[in-house]
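Here is the structure we will look at, set down as structure tokens.
Bear in mind that the values in this text are calculations on the coordinates, not laboratory data. This structure is a prediction, so every number in the text was calculated from the model and none was measured. Positions of Cβ are backbone-derived with ideal geometry, glycine not excepted, and every protein chain shown enters the neighbour counts.
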Amino acid sequence: MRSKLGSDFLRLWVGQGVSQFGSQVSVLAIPTLAILVYNATPLQASLIGAAQVAPFALFALPAGTLVDRWPRRRTLIVCDVGRALAAGALVLAYLTGYREMWVIYLVAAVMGIFTVVFDIAYLSLVPDVVGSKDLLGANARLNATDSVAGTAGPAIGGALIAAIGPARTVLVDALSYVVSVVALLSMKTREEPKNKPKLDARTMVAEIREGLQFVFKHPVLARLAVANATFDFGIAIFQSVYLIFLYKTLHLSPFEVGLLAAITGVANVLGAMTISWVVARFGLGPTLVYSLLAGGVAYLFVVASDFGAAVLVLIVINVIAGFTNAWYDVNQYTLRQTVTPGHLLGRVNATMRMTFSGPRPLGYLLGGGLAMWTSVPVTVFLGALVSAVSALFVFFGPIRKIRSSGEEEEGVEVAKTSPSSGA
């Protein structure tokens, strides 16, 4: 691995793996704290999710403009430090006896702000570190590492919650960001200087518009944006009450919930490991399209777990979701990075993230409201149904005809300028 992708990629890889591990612990620990300790209602639980993703709707576009100007590695370091402090603040508030829901909302929102900037800078830095030829392999490895974190994080998180409580478990997340900072500080990749005009309101608006126009006029990126926005909106409805469904409807323990998430992670790892073979056999476009469809349909059967053999049903669904999520994510990241000129990567990633995650706060709030108006299982099913419909936006069009990155089919240019061009 080191000889092919380089030591800087290895540092980025290790740092992000540890950071993702901690994040996966908190993904379970923070809402569990709200649900089991503070007795959060479905609406309150949905507000936590909305607070986490609202920054993607509010700050993604200006963040993309800033990321295209700032040193990306330094940006990642600042974001990791900010997330560590926010997670630590939640632990400190709990340990000192200040246990209010608004603290959870605030911490979730602050961590979300740093995450939106981090994710945009992170995706924009990868091509600088590995080069365009190794993007698929690098993205597959990074996705596999995220999946390992998704496997071990929730499982260990469930055990930690049982042993020391959900608030103290969040401390593991804070420490993981510190490890990521150390790894990022050790990188030696030199970024090309960004010769940009002085940033003012007019310049920012113009540069944001440039990113928006590139995405929504591009025959591939536009379809990906709409498909992901629809999928994420449905998943937000689904996730707004998913843990309540597991804890209150199915009466699973935190340890069982963590193990189910771990199974998804194992499948995701195997999906990332097999991505090269799958793309070679079926093509990048078909793999992307049918993975999105299969994953959305699988979630429709989650409510069937309430009729018996709950754990077995959820295991099957999580295995399917793990494989298909890996195949879809790796291909769409690679395709996005391939078709985008280097000097636009920050703004394009920001536009895509805003498009994907912008509807999610509404999805979380809608999910909480639906659960109060109908029921938690009905809300879970409706969210899954919306996600399944998202595949239609990529099923029809040029994406399904693309066999690999770097080729041109049906007039769709899948070629990219040098990562440093225009930067």
In degrees, nearest ten, helix 310-339 long axis to first principal axis of the chain (Cα): 20
Full-stretch length increase - LEU362, ARG99 - with 0.36 nm per residue and alpha-carbon distance subtracted: 92.0 nm
Lys, Arg +1 and Asp, Glu -1 on Cβ, resulting dipole of the stretch 1-149 about Cα centre, debye, nearest 20: 340
The stretch 25-90 versus the stretch 233-251: alpha-carbon centroid distance in Å: 19
Net +/- balance of residues flanking SER375 in space, Cβ distance below 12 Å, scoring K and R +1, D and E -1: 0
Per-residue [θ]222 nm for the chain (sum of -39500 (n - 2.57) over DSSP H runs n ≥ 4, rounded to 500): -25500 deg cm²/dmol
For the stretch 335-356 versus the stretch 265-324, the gap between their alpha-carbon centres in whole angstrom: 26
Farthest positive-ward along the chain dipole, Cα basis, beta-carbon charges - from ALA159, LEU90, PHE238: LEU90
VAL389-MET273 pseudo-label distance in nm [points 7 Å out on the Cα-to-Cβ vector]: 3.8
Modelled FRET efficiency - R0 45 Å, ALA159 with LYS401, Cβ distances, 0.05 increments: 0.45
Distance (nanometres) between label positions extended 7 Å along Cα→Cβ at SER253 and ALA309: 2.4
Fraction in percent of alpha-carbon pairs per bin - 10 Å, the chain: 5, 22, 35, 27, 10, 1, 0
Assigned charges on the beta-carbon of Lys, Arg, Asp, Glu; the chain dipole about Cα centre (debye): 700
Computed lengthening from TYR38 to MET204, 0.36 nm per intervening residue step minus Cα-Cα distance: 55.6 nm
Spatial separation of Cα centroids for the stretch 212-228 and the stretch 368-398, in angstrom: 21
Lysine pairs in the chain with Cα atoms under 23 Å, if 8 or more residues apart or on separate chains: 12
